[in-house]
Structure formats: C-alpha cells, structure tokens
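First the structure, in the form of structure tokens, and then the observations on it.
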Amino acid sequence: MTSANAPYAARDLAHVWHPCTQMKDHEQLPPIPIRCGRGAWLEDYSGRRYLDAISSWWVNLFGHANARINAAVRAQLEELEQVMLAGFTHEPVIALSEALSAIAPAGLTRCFYADNGSSAVEVAVKMSFHYWRNVGRSAKRRFLTLSNSYHGETLGALAVGNVDLYKKIYRPLLMDVITVPSPDCYARPPGESWAQHSRRKFAHMEAALAEHAHEACAVIVEPLVQCAGGMRMYDPVYLTLLREACDRHQVHLIADEIAVGFGRTGTLFACEQAGIRPDFMCLSKGLTGGYLPLSTVMTTDGVYAAFYDEYVRLNAFLHSHSFTGNPLACAAARASLAIFREDRVLEGNRALAARMGERARALEDHPHVAEVRQRGMIVAIELTANKASREPYPWAERRGLRIHRHALSRGVLLRPIDDVVYFMPPYVITPEEIDLMVEVAREGIERATCD
Ligand code: PMP
C-alpha cells in the first residue's frame, strides 16, 4: 500500500467493520481509501485510478460525480433534506412516483418506498402476505423461490434467497420457503437452447405451484439474471410461463429488479423482455443512478385497494423506515430518469453491450473458461478447473480473488463472484475502457488458472 493511502487504511481498520468481508483478509490487502470519483473511475489518495467495472456493487449508472445528478441533489439540498413520509409528502417523491408509474410495466401504479434493496424485498413479502389476509385467504403464508437466488441480507430477504454462503449459518432464524430448481441455462445440456432449457425447467415450478398454491403468497424471482448467484442467466420465456401460472394458481409474482432494473439487461426493466407485469416490482441500486440509498416496491391498484379501509379495521400496511422516500434520494432518482430520457441511453448501450460481448467472447476458447454469457450490459465469464466436465475449482482456492488483486494492480476494479468474472460497468464507459477492462480480466484469468 502506498504511503498516501496507508494512514487511512490504518485508521479504518481500527474502527470500521466492512460488509461482506472476512476482516482478516485485510492483513494481506488493506481497504483502498477512495478520495474521489469521476465518470467510470475511482481515485485513491495516492492518485491511483481504478476503472469501476462493477458500478460500485451494481449501483452506478451514469458515472461518479455526474454533473446533472450532482446539480439536482445540490438544488434539493437547498430546499429540503428530509421529512417523514407519514402524514407529509414532498414534490420529489410525488414527481418520482409519477415518473416511475409512467415507465414501469403498465398497471404498476403504486409506489411504496424504503431505503435499500433488502428492505424493499421485506416490504414486498409482507405486503403479499398481508394482502391475502386482507382478502380472507389467511392460509396463504409461504413463499416460493428459485435455487441460487439472492434477495438481500435481512432475515426475510435472506429466507427467500438461496445462496448458501450467506444463508446457511442463519437458517435457524429463517422462515421456511419452498425452493424450486432454477432455470439457470449454465446447466443446460449440449444442444439445448436457452429457451428450451428454461421452458423445460418450468415444469418444476408448475408442479410446485400446483402443490402449494393453497398456502402460497407469492413466487419471488430475479428476472433473467441471478446476479449474486454468479450472474447465472435464463430465458424470458420462463417469466412468461411463470406469469401465466401465477395467475392461474392465484399466487403473486414478485420481480426483484433491484440489480437488473434500469437498463442492465438491455431493456429498462428485465420483465419487459417477457412482456409481463409482476404484482410487485422491487427497485433500488440504479434507481438513484447509484447516488443515494432508496428503494421502492411498485404494485397495482388492486393490491392497494385491499389495504384501503377504515382505520379501525386494522388493514393498513403499517410498515415504515425513518428515511422512506428521502427527498435528496428522490431528486437523484429523477435526475437519473431524465438522463435515460434525454440521452436515449438504452439505444447507446447497445453498441457498448456489443463491444463487451465481442471482446469477452474471445475468451471462450481459454482452457479454463467454461462459458461466456451475456444479457445486455451484463457479461460473465465462468471459470472451470476442467473444461470438459465443467468441474469448478475448489472454492477455498479463491481463484477469483487472485483476479481481483491482479485487476487492482492494473487499475481496474473487478470483483469476481467465486470463479465468475463479470462486467457490469456504468453506462458512461467508453469502448476503449471496455477493451482495457476485458484485457485486464484476460490477464487475471491467465494468472489465476496457470497452476
Ligand atoms: N436483491 C437483489 C437481486 C440484489 O442483487 C441485492 C443486492 N445485491 C438485493 C436484493 C439487496 O439490496 P441491498 O444490498 O440494497 O439491501
């Protein structure tokens, strides 16, 4: 660690307990203190720059210190920084709700706010359960989820997720859910298309719904990409089939678009690719352009109506967080949505996505690359110990970590999930930066798989 960074790292390690980290790892690689960010780049105190190839945990859309979002937050700061959203409202949250209702799948007209992704999942889960109680179906109290799914870290969100690394230890604390095999296309046999595989896998969901519909509130899914589960992808046909089956079995569909929303998969929302409208859509991360913590659960007038009653009947949804619908965060979100509109971002991203895919696919022939897959602005490279059998490397070898370290030494922030190297960059990345990002990943893969 360079001398300018070292004092910050030392002070940090005296008091800060970092997320998703074995703190002992910092004996080898101290946390990097970031002084500033500009566009797709982060800069530390020694002046070293890092290309943010993963959008700072998938949140940043239009670069760090984006002039338009900065201006919107600054203007809002002069007016109102925060007010409780119970009994009060403010123009930023009103305008944001109008804007979201206009761009979300038709019929999602009601926005309930929280301040992070996990809390949005908690809201959707509680709201679905509570809806069924309010309409007299109190036997409905369970949730269906896909294997390898991820929905956050709070206890309800952890319960409806399925990544053992985060979930296993807390299992005694978690509600029991019904877990259905994922349509993940990495597992498809040779010769089977994504659509065929996802369609075939749907049989498990159909059977689970038939068995559990009487006691099930909702199915929760990450549409198209199971991100924290290693950027595993499936075909939109699965969502189309799921929507139809949920309707038929009278079970809600919760779309967790926290990671895939706001253009990551090529469309504004991933659900659009299946032509469906979920009953609940959870949004966070890119909602504010990655600026401030904010989340929302969008739902229908029908769900809303089931809670709309005389107070004394105690049917209201009394969930709350102090910072629900924070005005600064709403201002950032509105500015981010304005950029989507004014700059025709989704069109522009097509060329970036094509470049990422083309460069990354050059790694397909590598003896330790099992698959290169892509959905829009998300590209993943899955490593394997054995190309023929697709056997993974023993997890404790932490080969992805070697790639992370190599990339940092080359000025690129990559953070593989186990042995899956992925790119999810801000939309302001340039073609040249894409080339650098993929080249550094290639070098890292070379080094991490040479023994
Ligand atoms: N759902 C999905 C699909 C996510 O990817 C994440 C975060 N990685 C969450 C929920 C949780 O969001 P947060 O970290 O803001 O609690």
Practice prompt. May I ask you to verify whether residue 59 is in contact with a Lys or Arg (Cβ under 6 Å, 6 or more places away or on another chain) and either more than 16 Å from the ligand (Cβ to nearest atom) or within 30 Å of residue 155 (Cα to Cα) (or both)?
Written response: yes
Discussion item. Residues that are buried (at least 18 other Cβ atoms within 10 Å of the Cβ), at least 3 per element: which strands (runs of 3 or more DSSP E) completely within segment 4-61 meet that?
Written reply: 41-44, 49-52
Discussion item. Take residue 431 and tell me if it is over 20 Å from residue 25 (Cα atoms) and touching a residue at least 12 places away in the same chain (Cβ under 8 Å).
Written reply: yes
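For every residue, the table says whether it meets (1) touching a residue at least 24 places away in the same chain (Cβ under 8 Å); (2) assigned to a helix (DSSP H, G or I).
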site: 244; (1), (2): no, yes
site: 302; (1), (2): no, yes
site: 308; (1), (2): no, no
site: 317; (1), (2): yes, no
site: 324; (1), (2): yes, no
site: 331; (1), (2): yes, yes
site: 336; (1), (2): yes, yes
Response to the item:
Taking segment 205-234 and the residues there that are surrounded by 24 or more Cβ atoms within 10 Å (Cβ to Cβ) and free of Cβ contacts under 8 Å to residues at least 60 places away in the same chain, the one that is farthest from the ligand (Cβ to nearest atom) would be 234
Discussion item. Considering only segment 411-418, I want to know if a residue exists there that is in contact (Cβ under 8 Å) with a residue 40 or more places away in the chain, assigned to a helix (DSSP H, G or I) and among the acidic types (Asp, Glu).
Written reply: no
Worksheet item: Can you tell which of 445, 417 is modelled with pLDDT of 95 or more and over 24 Å from residue 290 (Cα atoms)?
Response: 445
Item to complete: Determine if segment 183-196 includes at least one residue that is closer than 17 Å to residue 151 by Cβ and modelled with pLDDT of 95 or more.
Response: yes
Response to the item:
Taking first residues from segment 130-153 that are farther than 20 Å from residue 242 by Cβ and second residues anywhere that are in a loop (DSSP other than H, G, I, E, B) and within 14 Å of the ligand (Cβ to nearest atom), the pairs with Cβ under 8 Å that are 6 or more apart or on different chains are 152/116; 152/161; 152/258
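In segment 273-305, what count of residues is obtained for those that are small (Gly, Ala, Ser), buried (at least 18 other Cβ atoms within 10 Å of the Cβ) and more than 16 Å from the ligand (Cβ to nearest atom)?
The number of residues fulfilling the criteria is 1.
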Worksheet entry | Any chance residue 259 is out of contact with any Leu (no Cβ under 7 Å at 6 or more places or on another chain) and within 16 Å of the ligand (Cβ to nearest atom) | yes
Discussion item. Looking at 182, 149, 193, can you tell me which residue is touching an Asp or Glu at 6+ places or on another chain (Cβ under 7 Å), polar (S, T, N, Q) and more than 22 Å from residue 21 (Cβ to Cβ)?
Written reply: 149
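Within segment 116-132, take every residue that is within 9 Å of the ligand (Cβ to nearest atom) and closer than 19 Å to residue 269 by Cα and give me the one that is surrounded by the fewest Cβ atoms within 10 Å (Cβ to Cβ). Write out each step before concluding.
Applying the first criterion (within 9 Å of the ligand (Cβ to nearest atom)) to segment 116-132 yields 116-121.
This time we only want the ones that are closer than 19 Å to residue 269 by Cα, so: 116-118, 120-121.
Numbers: 116: 20, 117: 28, 118: 22, 120: 31, 121: 31.
If we take residues in segment 116-132 being within 9 Å of the ligand (Cβ to nearest atom) and closer than 19 Å to residue 269 by Cα, then 116 is surrounded by the fewest Cβ atoms within 10 Å (Cβ to Cβ).
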Worksheet item: Do we have any residue at all in segment 181-193 that's away from the ligand (no atom under 13 Å from the Cβ) and in contact (Cβ under 8 Å) with a residue 60 or more places away in the chain?
Response: yes
Discussion item. For residue 113, only one of the following conditions fails: (1) within 16 Å of the ligand (Cβ to nearest atom); (2) assigned to a loop (DSSP other than H, G, I, E, B); (3) in contact with a Leu (Cβ under 7 Å, 6 or more places away or on another chain). What is its number?
Written reply: (2)
Worksheet entry | Qualifying residue in segment 310-326 (condition: at pLDDT 95 or above and at positive phi) | yes
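The values are calculated or read from the model by the stated rules, or taken from the named source; none is laboratory data. This one's a predicted model, so the numbers in the text were calculated from it and none came from an experiment. So basically every Cβ, Gly included, is an ideal-geometry build from the backbone, and we count neighbours across all protein chains shown.
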